[in-house]
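A.B. asks: The structure under discussion is supplied below as structure tokens; questions concerning it will follow.
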Amino acid sequence: MTLFDYSSLAPGAKRVIVVGCGGLGSVLAGELAEAGHRVRVMDRDRAALDTLPPGPVSDGVITPVLGDGTSEADLLRASIRDVDLFIAATGSDSTNALVAQMAQYLFDVQTAVCRIDEPSRKLLYEGLGLVAISATGLASEAIMTATKGE
Amino acid sequence: MHVVIIGAGLVGSSVAGWLIAAGHEIAVIDRDADRCAAMENELGSVTVTGDGTEGEVLARAGAARAEAVIATSGSDADNMVACQLARRQFNVALTAGLVKSDDHARLFNLLGIDAPINIVELITRRIQEALPIEGVVRLMDIPGSNSSVMVTIRVLPGSAAVGRRVRDLTLPVGTLISLVIGRDGTAAIPNENTALSPEDHVVAVTNIDDLDRLRDTLT
């Protein structure tokens with residue numbers, strides 16, 4: 001049994017779990033929903049979940065899930081077993097690495113993305129098969145590109 | 001040998017003191033400068049102030065020549081990252097990390113962390129051993145099996161199992177009684193004719209789902 005109704009899922013649309021509903025998680029969920037994907041966003045803090053865009057939430061495209069992403073039981077509650085893409089987007093590198101590896105090793109999720117800002121950790125987890133994204137790295141690259149453009 | 005310890009808290013300090021007394025060289029990493037200073041008062045200049053989940057800080061602590069890294073912080077996630085960095089970036093032979101939840105202990109095993117130390121389980125086990133009540137003490141999870149455990153169960157004086165031979169007990173299928181330890185402490189490998197006495201400790205391997213039935217049979 002799944003909590004989620006995928007009957008209207010368009011071809012090519014992915015089932016996504018985002019752990020962490022801070023700035024990054026919340027914006028990301030909105031963009032994924034816009035692109036036609038079905039998103040569940042998990043956070044321990046109800047107030048953080050309230051920052052999700054209300055339209056897609058009331059349409060059922062984004063489902064907020066109150067829970068702890070480092071808990072196996074809570075991940076199961078968010079139907080991690082039927083997910084296509086898993087994104088760890090909390091503010092802590094270590095938590096993201098832990099959560100993404102739980103998805104990878106305990107639940108066989110094919111694609112696990114995690115936000116890892118510190119360079120040695122990013123290198124480590126890229127080597128271990130995670131997609132590691134550095135928010136600060138991307139921001140500084142974008143700024144450098146903009147600087148060159150002038 | 002050289003050992004890097006992450007965390008200058010109670011466990012980190014205790015392990016550090018023990019290793020120094022045993023003649024080893026150590027470095028202790030902690031984010032908190034005050035905790036580092038307190039430890040240096042006790043043990044000399046052995047600390048590195050910084051984040052033990054960063055390669056550069058581990059390098060400063062001498063991880064490249066360390067034979068073991070022991071992660072004792074209060075965060076499962078940080079302990080995991082420190083152990084993985086130690087192994088992958090510095091080729092440390094032995095990694096040990098404290099872990100507080102069963103989920104994470106299972107993950108640590110899958111990740112190849114040599115010694116995941118499940119502190120909640122350890123403490124619970126000591127409490128079970130200390131309490132003078134019947135019950136099951138889990139000795140170990142059988143490696144390579146998802147569901148087999150080794151346990152010890154105390155035979156209570158009023159139990160229906162008292163005086164019965166092993167072959168007459170109705171044990172759950174697949175349960176193996178491997179050792180019987182008498183109240184005087186003598187351990188014997190039982191055969192089917194071994195009779196159980198009050199206060200015997202029965203060591204058995206069984207399926208985790210059959211634990212309650214096994215306890216009911218013996219207590």
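The values are calculated or read from the model by the stated rules, or taken from the named source; none is laboratory data. Remember, predicted model here, so these are calculated numbers, not experimental data. In this analysis, Cβ positions are derived from the backbone assuming ideal geometry, glycine residues included, and neighbour counts consider all displayed protein chains. Note: accessible area is taken over every heavy atom of the protein model, side chains too, but ligands, DNA and RNA are not part of it. Shrake-Rupley method; radii C 1.70, N 1.55, O 1.52, S 1.80 Å.
A.B. asks: Say we look at the stretch A:104-136 and pick out the residues that are over 18 Å from the mean Cα position of the chain (by Cα) and part of a helix (DSSP H, G or I); which of these is nearest to the other protein chains (Cβ to nearest Cβ)? Don't jump to the end; show me each part of the working.
C.D. replies: In the first step, residues of the stretch A:104-136 are kept if they are over 18 Å from the mean Cα position of the chain (by Cα); the result is A:118-121, A:123-124, A:127-128.
Those still in the list that are part of a helix (DSSP H, G or I) too: A:119-121, A:123-124, A:127.
On the way: A:119: 8, A:120: 3, A:121: 6, A:123: 8, A:124: 5, A:127: 6 Å.
Step by step, filter the stretch A:104-136, then rank; the result is A:120.
A.B. asks: Is it true that some residue in the stretch A:51-60 is in a helix (DSSP H, G or I) and among the hydrophobic types (A, V, I, L, M, F, W, C)?
C.D. replies: Taking the stretch A:51-60 first, the residues in a helix (DSSP H, G or I) are A:54-58.
Now narrow it down to the ones that are among the hydrophobic types (A, V, I, L, M, F, W, C): A:57.
Yes; the residues of the stretch A:51-60 include at least one that is in a helix (DSSP H, G or I) and among the hydrophobic types (A, V, I, L, M, F, W, C).
A.B. asks: While we're here: Given (1) touching a Pro at 6+ places or on another chain (Cβ under 9 Å); (2) farther than 30 Å from residue B:109 by Cα; (3) open to solvent by 40 Å² or more (accessible area, probe 1.4 Å); (4) in contact (Cβ under 8 Å) with a residue 40 or more places away in the chain, identify the lone condition not met by residue B:197.
C.D. replies: Every listed condition holds for residue B:197 apart from (1).
A.B. asks: Is it the case, given these coordinates, that residue B:84 is within 12 Å of chain A (Cβ to nearest Cβ) and open to solvent by 50 Å² or more (accessible area, probe 1.4 Å)?
C.D. replies: On the way: within 12 Å of chain A (Cβ to nearest Cβ): yes; open to solvent by 50 Å² or more (accessible area, probe 1.4 Å): no.
No: the conditions fail for residue B:84.
A.B. asks: Filtering the stretch B:30-59 down to residues that are part of a loop (DSSP other than H, G, I, E, B), open to solvent by less than 60 Å² (accessible area, probe 1.4 Å) and more than 14 Å from every other protein chain (Cβ to nearest Cβ), which residue is farthest from residue B:89 (Cα to Cα)?
C.D. replies: As a first pass, look at the stretch B:30-59 and keep what is part of a loop (DSSP other than H, G, I, E, B): B:31-32, B:44-46, B:50-54.
The next check asks that each one be open to solvent by less than 60 Å² (accessible area, probe 1.4 Å); those that pass are B:44, B:46, B:50-54.
Right, trim to more than 14 Å from every other protein chain (Cβ to nearest Cβ) and you get B:44, B:46.
Working: B:44: 28, B:46: 22 Å.
Here the residue is B:44.
A.B. asks: Inside the stretch B:93-118, can you point out the residues that are more than 13 Å from chain A (Cβ to nearest Cβ) and among the hydrophobic types (A, V, I, L, M, F, W, C)?
C.D. replies: B:93, B:94, B:96, B:98, B:115, B:117
A.B. asks: Hey, does the stretch B:143-161 have a residue that's assigned by TED's automatic domain parsing to the domain that holds residue B:195, within 14 Å of the chain's Cα centre (by Cα) and either without any contact (Cβ under 8 Å) to a residue 12 or more places away in the chain or outside any strand (DSSP E or B) (or both)?
C.D. replies: yes
A.B. asks: Oh, and also: Given the conditions (1) buried (at least 23 other Cβ atoms within 10 Å of the Cβ); (2) out of contact with any Asp or Glu (no Cβ under 7 Å at 6 or more places or on another chain); (3) closer than 13 Å to residue A:69 by Cα, which single one is not true for residue A:39?
C.D. replies: Checking residue A:39 against (1) buried (at least 23 other Cβ atoms within 10 Å of the Cβ); (2) out of contact with any Asp or Glu (no Cβ under 7 Å at 6 or more places or on another chain); (3) closer than 13 Å to residue A:69 by Cα, the one that fails is (3).
A.B. asks: Continuing with the same structure: Of the residues that sit in the stretch B:102-121 and are part of a strand (DSSP E or B) and touching a helix residue (DSSP H, G or I) at 6+ places or on another chain (Cβ under 6 Å), which one is farthest from residue A:71 (Cα to Cα)? Walk me through how you get there before you give the answer.
C.D. replies: To start, the set of residues in the stretch B:102-121 that are part of a strand (DSSP E or B) comprises B:115-118.
Now narrow it down to the ones that are touching a helix residue (DSSP H, G or I) at 6+ places or on another chain (Cβ under 6 Å): B:116, B:118.
Working: B:116: 17, B:118: 15 Å.
That would be B:116.
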